[in-house]
1. List pairs: first in the range 182-204 and closer than 17 Å to Ser627 by Cα, second of a type in the set (Phe, Trp, Tyr), Cβ under 7 Å, 6+ apart or cross-chain?
2. Going through the range 30-58 one residue at a time, which ones are open to solvent by less than 40 Å² (accessible area, probe 1.4 Å) and assigned to a loop (DSSP other than H, G, I, E, B)?
3. Hey, among the residues in the range 449-504 that are in contact with a helix residue (DSSP H, G or I) (Cβ under 6 Å, 6 or more places away or on another chain) and more than 16 Å from the ligand (Cβ to nearest atom), which one's farthest from Ala282 (Cα to Cα)?
4. Quick one: how many residues across the range 428-438 are within 16 Å of the ligand (Cβ to nearest atom) and in contact with a Pro (Cβ under 6 Å, 6 or more places away or on another chain)?
5. Taking the condition of being among the polar types (S, T, N, Q), over 19 Å from Pro385 (Cβ atoms) and modelled with pLDDT of 95 or more, how many residues in the range 428-449 meet it?
6. Kindly state which strands (runs of 3 or more DSSP E) lie completely within the range 210-320 and contain at least 2 residues that are of a type in the set (Phe, Trp, Tyr).
7. Restricting the range 237-268 to residues that are within 16 Å of the ligand (Cβ to nearest atom) and modelled with pLDDT of 95 or more, which is nearest to Asn113 (Cα to Cα)?
8. So Glu410 fits all but one of (1) more than 8 Å from the ligand (Cβ to nearest atom); (2) in contact (Cβ under 8 Å) with a residue 60 or more places away in the chain; (3) in a loop (DSSP other than H, G, I, E, B); what number is the exception?
Amino acid sequence: MQCNKEASSPSSQQAPTLSGSYEQLHRFSIEQPEQFWEEQSRLIHWETPPQQILDYSNPPFRKWFVGGRTNLCFNAVDRHLQERGDQLALVVASSETDSVREFTYRQLYREVNDFAAVLVHLGVGQGDRVVIYMPNMAEAVFAMLACARIGAVHSVVFGGFAAHNLALRIDDAQPKLLITADAGCRGGKVIPYKPLVDSALASAQTPPEKVLVVSRGLDQALALEPGRDVDYASLRAQLGPVDVPVQWLESNEPSYLLYTSGTTGKPKGVQRDVGGYAVAMALSMLTVFDVKPGQVMFSTSDVGWAVGHSYNVYGPLIGGATALLYEGLPTRPDPGVWWQLCEKYRVRTLFSSPTAIRVLKKHDPDFIRKHDLSALQYLFLAGEPLDEPTALWIKQLLGKPVIDNYWQTETGWPALTLLPGVDLKPTRFGSPGFANLGYNARIIDENTGQEVAPGQKGVLVFVPPLPPGCLSTVWRNDERFIASYFSHFKTLLYSSSDWAIRDEDGYIFILGRTDDVINVAGHRLGTREIEESVSSNQAVVEAAVVGVPDELKGQVPVVFATLRDEHAGDRAAAAAGLRKTVETSLGAVARPARVYIVDALPKTRSGKLLRRSLQALAQGGDPGDLSTLDNPAALDEVRNALNRGADAGD
Ligand code: AMP
């Protein structure tokens with residue numbers, strides 16, 4: 001592959017030539033990491049070039065591009081002004097406010113600088129934390145880039161989180177400033193943010209002194225607290241257009257924090273660096289997502305998630321592409337809304353989640369088919385297992401590669417994927433492909449720590465040092481970084497806490513979290529495997545499988561499933577059919593002990609099944625932490641189904 005020359009700028013050194021097959025490049029990245037990453041470092045602008053590519057003198061901590069000084073905002077905005085100032089940088093489409101806002105790189109520069117001026121005016125400086133609690137609106141992007149510009153550490157908290165979650169994150173990050181919007185919207189319903197923020201600040205131990213409010217005029221009852229709350233539009237107008245100098249940061253300074261759930265209930269602040277992250281973003285745009293400067297990437301994620309940070313904001317902008325951000329549901333005003341945007345903006349790479357495709361699968365495929373998708377080259381899906389029926393459905397409909405890719409909040413960019421920008425291997429259903437460049441992936445036996453043979457199940461680990469872009473530590477908690485990720489085995493390995501299997505051809509398959517595995521009569525089964533089997537039944541839209549204790553067998557699998565409309569009439573027949581399907585595909589050992597048909601499954605706002613809550617309910621227990629629950633009605637559904645009794649079972 002030849003990196004597009006346009007990816008460099010006059011201020012960059014010469015960009016690397018990524019020639020060779022995936023195998024050659026991957027080997028190079030693992031065997032000669034310093035040479036490999038020295039070449040890739042040229043994809044971005046360094047005000048001061050790195051003096052040392054890798055410092056791994058204090059494992060598992062590693063420092064990339066030591067001594068190099070750079071800035072994420074400069075690489076995402078300023079760097080492109082000369083060559084592509086009038087090219088679209090950011091498009092924000094909202095089906096909630098029925099608006100589309102377009103910004104060229106030059107306009108983005110103005111917006112970000114004015115935002116940065118407001119931050120500086122409010123006393124925010126290098127190293128200060130800024131919590132951003134906003135929906136998918138343009139100002140969320142401006143706020144992130146403005147923080148990056150002045151060296152402040154942003155921590156975006158997903159706008160759907162409730163006050164308690166926000167307060168927990170505030171107390172850990174201890175921000176100087178909180179930036180919010182007057183309101184978000186969901187399905188046309190206005191959700192005022194300010195009351196949530198007020199409540200979070202009232203319960204937080206270390207509330208910020210100031211709250212900056214960006215109002216879209218959605219909340220008619222918006223009330224600002226004098227002395228604490230600041231209206232963004234007024235202060236911006238007062239300050240006028242200002243150019244704010246870029247703060248050059250040493251590559252390993254923190255750029256942002258992103259909180260993710262831990263096992264203790266206290267969220268972990270995943271800390272990212274500056275230089276390594278910028279290089280990983282630049283590289284992945286070319287090699288993984290195959291998006292070159294001037295091309296368009298649409299990620300349907302929320303800025304509050306890892307994908308949102310990397311591929312709604314930093315990746316496309318550092319790569320000189322056009323980033324498309326969307327606020328709203330995939331089905332509103334109709335299920336064609338995303339595909340219409342793909343047609344209008346000639347989207348090349350679309351990035352979404354299996355859940356979103358399953359939602360669309362419930363609707364008439366003509367909503368997708370009727371659009372001109374000739375520019376679209378790839379659909380990337382991540383965040384959860386991609387089941388074969390869903391993958392097949394969308395692949396057949398689009399006629400384009402559907403690329404399952406695996407990553408975690410911690411990795412910041414895909415760890416397992418196919419790399420169409422290098423050479424596109426054939427997709428294999430159920431597999432997110434191979435280790436990405438820089439990721440030394442192994443599948444090891446959880447007890448012996450030895451690598452398992454092809455076809456055998458083990459824990460997916462990454463041999464450190466982790467590549468650039470991955471977390472540098474847990475915010476102000478190096479011990480937790482080591483305990484959570486590097487203490488599972490005798491040798492120093494990053495544990496993904498996911499089960500995986502590698503086939504004879506090297507394709508890796510994810511079998512679910514290590515903590516979701518069940519043991520039935522001495523047989524270890526991944527709930528994921530059973531779910532896949534259940535979902536292959538024609539009647540099923542979606543299924544969740546949990547292990548519940550059983551006197552005889554230790555644990556047994558229990559299924560909760562939603563049905564296609566045409567099968568919903570006869571739950572008992574459908575449920576019996578599901579058991580048969582599993583028995584046929586996986587064997588009697590995996591046959592679900594009970595099947596409950598429900599109208600909806602409890603999910604987090606990012607679309608992940610709340611298996612643990614399901615499991616607890618199925619065992620007659622408390623559903624536990626529901627702070628990320630998106631659809632409370634689904635929980636009642638499950639309770640009712642359990643009270644009613646199984647639709648099929650032993
Ligand atoms: P998060 O940090 O919330 O993005 O969750 C990361 C977890 O999601 C991983 O540890 C996996 O369990 C799961 N995950 C992410 N991508 C995939 C994928 N492509 N296939 C299967 N599981 C995935």
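The values are calculated or read from the model by the stated rules, or taken from the named source; none is laboratory data. Note that the structure is a prediction, hence the values are computed from the model and not measured. Cβ sites come from the backbone with ideal geometry, for glycine too, and all protein chains shown count toward neighbours. These area figures cover heavy atoms from the full protein model, side chains too; ligands, DNA and RNA do not enter into them. Shrake-Rupley method; radii C 1.70, N 1.55, O 1.52, S 1.80 Å.
1. Final answer for the pair search is Tyr193/Tyr133; Val197/Tyr133.
2. Scanning the range 30-58 gives Ile44, His45, Trp46, Pro50.
3. Thr473
4. Residues in the range 428-438 being within 16 Å of the ligand (Cβ to nearest atom) and in contact with a Pro (Cβ under 6 Å, 6 or more places away or on another chain): 1 in total.
5. The number of residues fulfilling the criteria is 1.
6. 256-260
7. Tyr256
8. The one condition Glu410 does not meet is (1).
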